[in-house]
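*Asks:* One structure is given below, represented as structure tokens, and several questions about it will come after.
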Ligand code: COA
């Protein structure tokens, strides 16, 4: 079929569908939803049999849906309508939810249901986490089912009997959730409620609140352990108590939470924040300790060791499994949105240096549950522009050097087998960080973006000029970088970027990774494998030192950061402030 993906942005769900539908042999093109006239033009040019809308913020014009079947993906169960479907489901504490594929008609989310797929709401999951995992999986199932039902000569879906028994009354319009609905009442809200409110608003629009009397939106919250709380049991709810990494510790009525990220706010009160206002359009989402640097500095710091009890939150965690002679080390780095700032890279580098001192046969780099890594921290870099004596170019250079230091630690860890286990998606430098490991594993749900060019023609570093060709060869590397397309796990296996893909989702995958890593650590010829790995590294180093790869890549990056072509700075600015697209990139809009 000829399928046009009409979407607000080429987001993770759209990328997944794009890859899957192409793999199934469909002819797929993409048009970003910019204006009705542009959509009409795209339909005219591409003549699709069906238009699929995975992620829209506006209505599809009648001129389009009246002539071509438009199937809209709604992240809610049949009968649910409105723009805050997931927010309300989390807010209400629903345990079951679903994704519906329905036909576009005059009223929003009111067309006939072509397919739907239920899912269990993971306790404690944030909205964006649900979206990237459960919603995406259910959407893929429902879209494929809807397309199977597609009859090219008829606009009537064969949807009868699909609805089953759902709790919600058909046709319920649930309005946009306002800040007033999300407001935290610190003197009375239990920790669980506060976490739920922040989860329902994460990653956008956040919960409007205040820290140090400064209005800001809260994101990235985690429960504090009972041990941490012991030291602060007498403080009032709402008080900020301490700091750790990017986060501030804040008292609740029955416990405390860590708040990792905030956006400063233009509005003083929730009532003033217009419900339709996009969140702080000119303000960056940054580490809480960075936004409130002066206030944070006056707070006690509560660092924790890499190996510690499960309930104690921090961005990094290290664990070990298995017997002494077949031991697996497991390093989680749960960086918000997979973005790795200079500080986070340095922490990860130091963690890897410490991990070297541990006696293990296999090291699993587990990344974060949501993203493995998305490379250098573009928000942090953008913020450097406003720091006296700093610049985005300098911050980019420091950040990429810090990323390279992490990759170097991995590339030179030759006394054990290293495995990058992609529980979540990986993009740009984050992909190439994974390729610095000996083995790269993923699951059916991950999407990889193994290229840099989409960020203003960035050349890229992370020793990609060494790790990519050694895996897939020079010609294939060049093609991958030029195409700039997302790869599903199956694509990535076929093209040699992933060594294996197994498991349906992050949880199932994680369990299987541990089993496989333990088996690997117990392999009878592990000694020989390690000897080969060391010999290969020495041979490669003699041929061309890693330092040369790095300095060549950084020379090109220097041009991106400081040269006369500002493309990278412009692209980054648009990305971090989520500026609306003005056109659809030509490599996606094949009809153009
Ligand atoms: N730095 C800072 N923030 C980043 C980031 C980065 N490198 N990559 C992603 N994010 C943030 C986004 O701003 C967004 O923030 P939100 O909390 O306000 O929603 C969030 O992570 C999710 O990103 P989004 O683009 O919505 O996710 P996606 O799954 O649809 O797309 C990517 C994934 C990787 C394709 C896309 O995020 C991307 O292009 N990232 C930039 C990669 C890059 O160029 N890195 C620098 C070169 S190494």
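Any read-out appearing in this document is the output of simple, stated calculations on the displayed coordinates, not a laboratory observation. In this text the structure is predicted, and so the values were computed from the model without any measurement. Virtual Cβ from ideal backbone geometry, glycine too; neighbours counted across all protein chains shown.
*Asks:* What does the C-alpha gyration tensor say about the overall shape of segment 11-55? Classify as rounded when a/c is under 1.5, otherwise prolate if a/b is larger than b/c, or oblate.
*Replies:* Oblate is the answer for segment 11-55, as a/c is 1.5 or above yet b/c matches or exceeds a/b.
*Asks:* For segment 316-575, what does the equivalent ellipsoid look like in terms of its semi-axes, each the square root of 5 times an eigenvalue of the Cα gyration tensor, given largest first in whole Å?
*Replies:* Working through the eigenvalues yields semi-axes of 30, 19, 19 Å.
*Asks:* Then there is this: Can you give the Kirkwood hydrodynamic radius for segment 182-297, in Å, rounded to one decimal and based on Cα pairs?
*Replies:* Hydrodynamic radius (Kirkwood, Cα only) of segment 182-297 equals 14.1 Å.
*Asks:* I'd like the distance between the alpha-carbon centres of segment 46-99 and segment 554-575, rounded to an integer number of Å.
*Replies:* Between the Cα centres of segment 46-99 and segment 554-575 lies a distance of 37 Å.
*Asks:* Here's something else I'd like to know. Could you state the principal axis extents of the C-alpha atoms in segment 331-413, from the largest down, to the nearest angstrom?
*Replies:* 46, 25, 15
*Asks:* Just want to confirm a number: the relative contact order over segment 2-147, from Cα pairs under 8 angstrom separated by 6+ residues, in percent.
*Replies:* 20
*Asks:* I want to check the label-to-label distance for residue 508 and residue 301. Put each point 7 Å from Cα in the C-beta direction and report it in nm to one decimal.
*Replies:* In this crude label model, residue 508 to residue 301 measures out at 4.3 nm.
*Asks:* Classify segment 2-147: rounded, prolate or oblate, from the alpha-carbon gyration tensor (a ≥ b ≥ c, eigenvalue square roots; a/c under 1.5 rounded; otherwise prolate if a/b is larger than b/c)?
*Replies:* Prolate is the answer for segment 2-147, as a/c is 1.5 or above and a/b outweighs b/c.
*Asks:* Here's something else I'd like to know. Quick one: Cα convex hull volume of segment 466-561, Å³ per residue?
*Replies:* Dividing the Cα hull volume of segment 466-561 by its residue count gives 151 Å³.
*Asks:* Per the helix-only calculation at 222 nm, which mean residue ellipticity applies to the chain, given -39500 (n - 2.57) for every DSSP H run of n ≥ 4 and division by its residues, nearest 500 deg cm²/dmol?
*Replies:* Computed ellipticity for the chain at 222 nm equals -10500 deg cm²/dmol.
*Asks:* Write down the radius of gyration of the chain and its Dmax, each obtained from C-alpha positions, in Å.
*Replies:* In Å, with Rg to one decimal and Dmax whole: 24.2, 70.
*Asks:* Okay, next question. State the antiparallel share, in %, of DSSP beta bridges confined to the chain, rounding to the nearest 5.
*Replies:* 55
*Asks:* Would segment 409-470 count as rounded, prolate or oblate if I go by the C-alpha gyration tensor, calling it rounded below 1.5 in a/c and otherwise prolate when a/b exceeds b/c, oblate otherwise?
*Replies:* oblate
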